[in-house]
Structures are given as C-alpha cells and as structure tokens.
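Structure record follows, encoded as structure tokens.
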Amino acid sequence: MCYNIAAARPFGSRATHYSYGRNAMKKYFALALLLILTALTGCAAQQTQADFTISRDQLTAEPLFVDVKQGKTAMQIIALLDAGGTPRLAYNTCQVCAGSPYAYFAYQQGALVCQNCGNAFDLSSVGQAAGGCNPLPVPDYQTDADTITIPAAALKQASAAFANWKKGLQ
C-alpha cells in the first residue's frame, strides 16, 4: 500500500483517522533508526582490528605463511627464524608487482619465488631487504619469549599493498 507522507494516510483513501497515519510514521521512523544504528555498528566493528600475534613455537628456518584479515582485505605474512634464531617477518606481496593478483611468493627449492615475475628471493633477506622485487618487510613488530606481535596500525598501513592480492585465483 502506498502512503501519502504529507497527509499520513493511504493514497486514494478518504479516511481521516489521524492515529492510523501517526502509527505508520512511528513504524517508519523506528525502522529507519534501526537501519542507521545497524549500519553504524557494522562499520565500527570492521574498522576496529586487534594486534596480530604469532607464536614463536611455530617458527623454523622454513617459511611459515600466516593468513591475516585486515577489515575485508586478505593478507599474508611470511615468518621464519634466521640462522641466529631471530624472527624475520615480511608481508607476502612483491613490492614491485603489488598491483597484480600474482604478486605473492611461494616457497620453491629453498627460495621464495614471485609468482608474477619469477624472481627468486633468498630466505636470509626476509624482513631485511626493502625495495625491488622482494617481500615487503614488516617494520613494526614486537617480540617476547613466546610471541611475535604486529600492531593493528601496521597491518592497516600495509593492507593497501594487498588490494588485488590473489583476486580471482582462489
């Protein structure tokens, strides 16, 4: 049924019962308020992200690929221990090829290989080398005896590099 908002009664109706129109308006107002609150709550929940933690027990000299979500953006971290036992972290996206869905590294024959351009990257440089065709270093993380923590702000900043990451490939 269509309503004449100005008259607060159904179109084509000669009814002048005021409470019928007022009740309809109350329902529409309540529905609109509910939709606005739902939208605001949903947006706030997506913007709030917690720090991301990796257990040190999971790390070895072989790369560990850890999936992370930043809002709706899928990301991945490469984590490993160097020869001295120090954790090394990098985002699994190529700094040069970042616009491509294939701008990620796979572990092949002892090296990380960019799936877009084929460049092989030595594991000893994970988290160290910046610029060029290599994984994007994670510059801001904290370590303690049991965990490695990447702040939510660092993940949010890096998420732009994953805008097309593996799109349509999964």
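The values are calculated or read from the model by the stated rules, or taken from the named source; none is laboratory data. All of these numbers come straight from a predicted model, not from anything done at the bench. Backbone-built Cβ (ideal geometry, glycine too); neighbour counts: all protein chains shown. Side chains are part of the model used for accessible areas, which takes the heavy atoms of the whole protein and leaves out ligands, DNA and RNA. Shrake-Rupley method; radii C 1.70, N 1.55, O 1.52, S 1.80 Å.
Overview of values
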item	result
Net +/- balance of residues flanking residue 56 in space, Cβ distance below 9 Å, scoring K and R +1, D and E -1	-3
Global form of the stretch 125-166, assessed from the alpha-carbon gyration tensor, a/c cut-off 1.5	oblate
Burial ranking of peptide ranges 79-89, 96-106 (average Cβ count within 10 Å, highest at the top)	96-106, 79-89
Nearest-20 debye value, the stretch 51-148 charge dipole, Cβ charges on Lys, Arg, Asp, Glu	340
Cα lying deepest toward the dipole's positive end in the stretch 62-170, options 99, 136, 79, charges on Cβ	99
Separation between Cα centres of the stretch 52-66 and the stretch 130-162, rounded to whole Å	13
Accessible area, probe 1.4 Å, largest first, for residues 117, 133	117, 133
Two-site label geometry, residue 153 and residue 69: point separation in nm, points 7 Å out along Cα→Cβ	2.5
Ellipsoid equivalent to the stretch 60-170 - semi-axes via the Cα gyration tensor, in Å	20, 18, 11
